[in-house]
Structures are given as structure tokens and as C-alpha cells.
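Peer 1: After the C-alpha cells below, expect a handful of questions from me.
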Amino acid sequence: MKKQLLALALIGGLMTAHGCADTKKKNTAEETETAETEIQKEEVIEVQTPNIVGVAAGNENFSTLVAAVKAAGLVETLSGEGPFTVFAPVNTAFEKLPEGTLDGLLKPESKATLTSILTYHVVSGNVKAADVVKAIQDNNGSFAITTVQGNTLTASLDGENVILTDAKGGTSTIVLTDVEASNGVIHAIDTVVMP
């Protein structure tokens, strides 16, 4: 009888040990499957390039421009499908304006004027720096660019720099080119151009 009890205990112990091993294998398999699923989920996540407003908002050099775009109510427009090319004044470009000009433009009663100025910096289409240079070279040294505002900017070269001349004869130099956005491209300029 002792032998039978001992044999039963031994068989029971083996079955328990075998069950634990199966559970460990099952848990390990589930953990591996879960880890693989998480890795697959991570691989599927795509980094989305922000739109023009998002790119500008993410760069401290365009904080004044972003404030102006918000004041003019152009966030939705410049977040649209596009494509747009924006000649975006950096903060120091706005600092060159006569004292009090920017503050006056940001007031609600100046919204129409501010909108006109800002849309003068926008062109329909995705125009890369190389396209601008080629157009200048193909047109005897200068090229008229029609803006969304309706007036034109004249692009020319000064050495390797692209210069924009506005309707009032003021000039601005492109200081950074081809900043990609999901709905177009940004070229940074060092002076605000005026229609």
C-alpha cells in the first residue's frame, strides 16, 4: 500500500511539474507573441510631416510670423491642402519694420492689411529653391513671381543669393531654403516684403 501511495504521489508530482512546464511554455509563448505584436505596432506608426503652420510653429525663428498668421486668421488657409510656397520672414525681419508697425498690424482693425501683407509672402505650388534659380537664369536674370495676394515679387540673383524685390522696391534675401512641409515648402527671408 505504501508503494502504491508513493507511486501515486510521484505520478501526481510529475503531472504537476509537467503542467507547470506547460504553463511556463505557454506564458513564455504569450509574452513573445505580445512583444512581437508591440514591435509590429511600433513599425506601423509613421511620422507625419507637419503642415506649413506646424513647421513654422515648431521653429522659434518664426514665432512672430506664427503670431501674425493667427492674428490674420490664416491658420486654416495655410494648413489646407495646398501646395503652397511661403517666403517666411524670420523674427529679425519683423524687427526691421519701423517701430510700432508690427503692433499696429496685429490689432483686429488691421486684419485686412495684415492679411494682404502675409498673403504677399505666399505662392501657389511647391516651388523649390532650384526652381527659382532656374527661372531667374532662364529669364535673363530676373523672374516675376505672382503671389496669392495678387501682386508680384521679382526674384534675382546676387552672387549665389536669391533676392526678392517687392512692389515698393524693398529687397529681401532668402536665407534658408526648402524647409519641407506636408502641404508645401518654406523659404526663410531676412526682411518683410510689402505689396
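Peer 1: Considering segment 161-188 alone, what residues qualify as being out of contact with any Gly (no Cβ under 9 Å at 6 or more places or on another chain), in a loop (DSSP other than H, G, I, E, B) and surrounded by 15 or more Cβ atoms within 10 Å (Cβ to Cβ)?
Peer 2: Asp166, Ala167
Peer 1: What number of residues in segment 80-126 are polar (S, T, N, Q) and crowded, with 18+ Cβ neighbours inside 10 Å?
Peer 2: Here the count works out to 3.
Peer 1: Within segment 146-160, work out how many residues are touching a residue at least 60 places away in the same chain (Cβ under 8 Å) and exposed (fewer than 11 other Cβ atoms within 10 Å of the Cβ).
Peer 2: Count: 0.
Peer 1: Further question: Do we have Thr191 as at pLDDT 95 or above, part of a loop (DSSP other than H, G, I, E, B) and touching a Gly at 6+ places or on another chain (Cβ under 8 Å) here?
Peer 2: yes
Peer 1: Something else about it: Let me spell it out: the conditions are (1) crowded, with 22+ Cβ neighbours inside 10 Å; (2) in contact with a Phe, Trp or Tyr (Cβ under 7 Å, 6 or more places away or on another chain), and Phe62 meets all of them except one. Which number is the exception?
Peer 2: Tallying (1) crowded, with 22+ Cβ neighbours inside 10 Å; (2) in contact with a Phe, Trp or Tyr (Cβ under 7 Å, 6 or more places away or on another chain), Phe62 fails exactly one: (2).
Peer 1: Still on this structure, I have one more. On the basis of being farther than 16 Å from Leu78 by Cα and part of a strand (DSSP E or B), does Ser156 make the cut?
Peer 2: Spelling it out, Ser156 is indeed farther than 16 Å from Leu78 by Cα and part of a strand (DSSP E or B).
The values are calculated or read from the model by the stated rules, or taken from the named source; none is laboratory data. Computed from a predicted structure; not experimentally measured. When we count neighbours, we look across all protein chains shown, and the Cβ atoms used for this are built from the backbone with ideal geometry, even at glycine.
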